[in-house]
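To start, the structure itself, in structure tokens.
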Amino acid sequence: MQETFVGTPDGVKLYCRTVGAGEETLIIPLATYHADRFDPLARSRRLVLYDPRGRGRSDAVGTSAVSLEYQLRDLEAVREAFGAEKLALVGWSSLGMELFVYAFKYPDQVTRLVQLAPLPPRRTPYMDQIIEDRERRTDSQAMQALQGRQQVGEFDDDPARLCREINYLSWGATFADPVAALEVPDVCVHENEWPTNLGPYLEVLQGSYGDYDWRPELRVVTAPRLVIHGIEDNIPLEGSKEWAAGQPHARLLVLQDTGHWPHYENRGVVIEAIESFLSGGWPPGALVVS
């Protein structure tokens with residue numbers, strides 16, 4: 001395992017973690033959150049995980065340097081830095097949507113794409129549903145009490161502790177079994193992940209998506225895509241179905257007893273499914289969506 005930093009054209013340093021070696025390169029954004037969960041995929045290929053700008057161990061940036069376009073440029077910078085003419089990709093959550101856009105814009109470079117618990121291919125009506133469902137699952141009384149403690153200054157000298165308490169409440173609502181959330185690394189050791197920094201960052205990034213709808217572009221992307229969805233995810237199943245609906249190059253794998261973090265909640269099945277897919281096949285249970 002090697003750790004390094006890759007520079008972007010606008011001077012931002014991106015943290016990268018590399019495992020394994022091989023002709024195939026697999027790139028997975030959001031290294032700090034994934035830790036070693038995907039390392040078994042490095043047995044026969046080079047695995048590169050990185051933190052996007054403003055996240056994890058990468059450089060902090062102002063919100064003027066945050067957007068979907070910057071996300072795509074940063075992935076290009078990582079690809080070029082590692083000399084990968086072709087690459088496979090795994091994108092989790094919002095990055096599951098973002099990496100589809102990358103595959104659309106750079107069709108000759110992407111060999112295969114795994115969309116792991118991805119945002120749906122269109123904002124309307126799903127984004128409101130996602131927010132409402134997450135609020136319904138969250139312990140509102142506990143969150144209000146935490147906000148009250150924040151307002152009186154309890155966390156002024158310890159923003160990392162505030163970060164941990166917010167994550168405990170919000171992440172737990174997105175797992176099928178909240179106990180599995182204890183396996184996620186302590187991302188709050190990094191200032192980029194503190195709520196005062198991450199909140200404005202995500203607001204600007206998600207705002208840059210606009211009222212998006214990528215369904216017309218689905219037929220243009222011919223690289224095989226595997227969409228993995230946990231049945232207990234707060235992202236609607238119908239949204240994940242739309243990623244694969246009517247697409248000859250896409251399949252949907254639905255996992256039981258799994259929420260928004262499949263690689264933590266059902267790691268063995270997820271690794272086997274991705275390995276099968278990257279090796280040229282479709283994992284058992286991956287279905288064509290009519």
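Worth pointing out:
- Filtered residues of the stretch 61-76 (kept if touching a Ser or Thr at 6+ places or on another chain (Cβ under 8 Å) and either among the basic types (Lys, Arg) or buried (at least 19 other Cβ atoms within 10 Å of the Cβ) (or both)): Val66, Leu68, Arg73, Asp74
- Exclusive hit being modelled with pLDDT of 95 or more, among the aromatic types (Phe, Trp, Tyr) and under 27 Å from Glu265 (Cα atoms), set Tyr126, Tyr168, Tyr209: Tyr126
- Residue-level check: of (1) under 20 Å from Val6 (Cα atoms); (2) in contact (Cβ under 8 Å) with a residue 12 or more places away in the chain; (3) surrounded by fewer than 17 Cβ atoms within 10 Å (Cβ to Cβ), Leu89 misses just (3).
- Qualifying residue in the stretch 176-184 (condition: farther than 15 Å from Tyr264 by Cα, of a type in the set (D, E, K, R) and assigned to a helix (DSSP H, G or I)): no
- The combined condition, being touching a residue at least 60 places away in the same chain (Cβ under 8 Å), within 30 Å of Tyr70 (Cα to Cα) and outside any helix (DSSP H, G or I), is not fulfilled by Phe104.
A quick yes/no check of all residues on (1) more than 20 Å from the chain's Cα centre (by Cα); (2) over 21 Å from Pro200 (Cα atoms):
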| residue | (1), (2) |
| --- | --- |
| Leu14 | no, no |
| Leu41 | no, yes |
| Ser44 | yes, yes |
| Asp51 | no, no |
| Gly54 | no, no |
| Leu75 | no, yes |
| Glu80 | yes, yes |
| Lys86 | yes, yes |
| Ser93 | no, no |
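- Contacts under 8 angstrom Cβ, first residue in the stretch 23-35 being within 17 Å of Ala81 (Cα to Cα), partner modelled with pLDDT under 95 and of a type outside the set (Phe, Trp, Tyr), 6 or more apart: Glu24/Ser44
- Residue count for the stretch 21-50 under the criterion of being over 13 Å from Asp74 (Cβ atoms), at pLDDT 95 or above, of a type outside the set (A, V, I, L, M) and in contact with an Asp or Glu (Cβ under 8 Å, 6 or more places away or on another chain): the result is 4.
- When Asp10 is tested against the conditions (1) more than 24 Å from Ala223 (Cβ to Cβ); (2) in contact with a helix residue (DSSP H, G or I) (Cβ under 8 Å, 6 or more places away or on another chain); (3) assigned to a helix (DSSP H, G or I), the lone failure is (3).
- Within the stretch 40-66, the set of residues being at negative phi, touching a residue at least 12 places away in the same chain (Cβ under 8 Å) and among the small types (Gly, Ala, Ser) comprises Ala42, Ser44, Ser58, Ala60, Ala65.
- Any hit, the stretch 141-162, residues being in contact (Cβ under 8 Å) with a residue 24 or more places away in the chain and not in a helix (DSSP H, G or I): no
- For the stretch 107-134, the set of residues classified as assigned to a helix (DSSP H, G or I) and surrounded by 13 or more Cβ atoms within 10 Å (Cβ to Cβ) consists of Tyr126, Met127, Gln129, Ile130, Asp133, Arg134, listed by residue number.
- Total residues in the stretch 259-290 satisfying the condition of being crowded, with 21+ Cβ neighbours inside 10 Å, farther than 15 Å from Gly96 by Cβ and β-branched (Val, Ile, Thr): the figure is 0.
The values are calculated or read from the model by the stated rules, or taken from the named source; none is laboratory data. These numbers were taken from a predicted model, which means no experiment stands behind them. So basically every Cβ, Gly included, is an ideal-geometry build from the backbone, and we count neighbours across all protein chains shown.
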